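Below you'll find the structure, written out as structure tokens, and then a few comments.
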Amino acid sequence: MLRRSLSSLTASVAATALSCSLLAATPGLAQAGALDDKTTFLGLEGDGELVTSLADAIRWDLNQRGLDDGNTMSLAELKLTMGCGDEDLACFAQGGQTLGSSQLVFGAVRKQGADYVVELQSLNVGTGELNNRIERTVTPAELGDAQLGATASALIDALYKIEPSVDELPPTDTADDPDTVDDPDATKPTKPPPGDRALIWGAYSPRPAWKWAGVGVSSVLLVGGLGTAIGATVAISTNGPIRKELITAAENSLTDSKPGNDVDPNSTQDLCELGRRPPDPSKPNEVTNAEVTRVCIKADNVASVATAGWIATGVFAATTVVFTTLLFVHKNDKTVAKLRKHKVGFGGAPSAGQGFVVGGSFQF
């Protein structure tokens, strides 16, 4: 019974299963070897376009490794908000706890002759102690567009004590070896600087309300569609309530006062087909058993609801994946870059006693 109704669901269920499998396909762009800590990058102290570009490149590299939490607060803003001294690591750690971070990464760049000295520090928020501190001298060429990405990556590798693989080691200078042929694949490609990317993957804040709304609405609709599909499918199943209602209507036809409307509940034929069959071929609009036909029409309607439910489940599963992905994708906004360049910030925190302290900063 109801084989025809159930078979109509097969294609829809298969399509839904394929759509739901997208839930496992959300891209994971964190690089191999990246740590699981939630890191807040507080930027680099120093003046000039090269410092800003290097800070953006380091943030982009942390983002690609799955480390950057997207918070854009600077070290100066953290000091101002928390009332920290220049070297008060314990106070920095308290600020990191307020931000929900596991680590704080910050540093400074200073000019030294024709080169630049880059200092980076990684602070363990839980212990208030430094995980590592590095200092590297870089040339202006290493801060240029061609090498900026590789420079930022090397600094992060050194800070997190990540050893480069054999494939990532720079090629040996073979200019004096006449038997050596230049290998174009031997040079490690540099990563594109952040300014060259229109979209960036990773956590960031604040996230637009419409993205959260999209995830919430699509999730609710997904649950509603799935519940409707499951409920309707169970209702028309072999042991479902509609099947039982159909058997009861067929059994009643054997004991009522209308011998011409009998439908054998034990028949191997489709009971709906038997109930809908015209008793007189010349009267095609009549049915053998009106009650059995009514139950069959009800089953057809529920089957249609089940089909629509499974289709909706597939659609809303896909939209949930899309909106969830959008939560981690944002534009490389030039306006935001300008604000970062001038270190515009505003923050607040409860004071040691009663009250609340707010502050802001701007660098010309």
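The values are calculated or read from the model by the stated rules, or taken from the named source; none is laboratory data. Note that the coordinates shown come from a computational prediction; the quantities given were computed from them, not determined experimentally. Don't worry about glycine lacking a Cβ; one is built from the backbone with ideal geometry, like all the others, and counts go over all protein chains shown.
Contact map, segment 291-309: first residue under 18 Å from ASN252 (Cα atoms) and modelled with pLDDT of 90 or more, second residue of a type in the set (D, E, K, R) and assigned to a helix (DSSP H, G or I), Cβ cut-off under 6 Å, separation 6 or more or different chains; pairs are THR293/ARG276; VAL295/GLU245. Going by what's in this entry, would ALA32 be described as of a type in the set (A, V, I, L, M) and at pLDDT 60 or above? So ALA32 fails the test. Which of the residues belonging to segment 270-287 are part of a loop (DSSP other than H, G, I, E, B) and modelled with pLDDT under 85? Passing the criteria: PRO279, ASP280, PRO281, SER282, LYS283, PRO284, ASN285. The residue pairs whose first member lies in segment 74-91 and is under 16 Å from LEU44 (Cα atoms), whose second member is part of a helix (DSSP H, G or I) and not charged (D, E, K, R), and whose beta carbons are closer than 7 Å, counting only pairs six or more residues apart or on different chains, are LEU78/PHE92; LEU78/GLY95.
Table: residues versus (1) touching a Pro at 6+ places or on another chain (Cβ under 8 Å); (2) under 22 Å from THR52 (Cα atoms); (3) surrounded by fewer than 19 Cβ atoms within 10 Å (Cβ to Cβ).
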position: GLN94; (1), (2), (3): no, no, yes
position: VAL117; (1), (2), (3): no, yes, yes
position: THR137; (1), (2), (3): no, yes, yes
position: ALA152; (1), (2), (3): no, yes, no
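Taken as a whole, segment 100-115 holds at least one residue that is surrounded by fewer than 17 Cβ atoms within 10 Å (Cβ to Cβ) and more than 21 Å from VAL51 (Cα to Cα). Scanning segment 217-259 for residues being within 39 Å of the chain's Cα centre (by Cα), farther than 21 Å from VAL315 by Cβ, surrounded by 17 or more Cβ atoms within 10 Å (Cβ to Cβ) and in contact (Cβ under 8 Å) with a residue 40 or more places away in the chain gives a total of 2.
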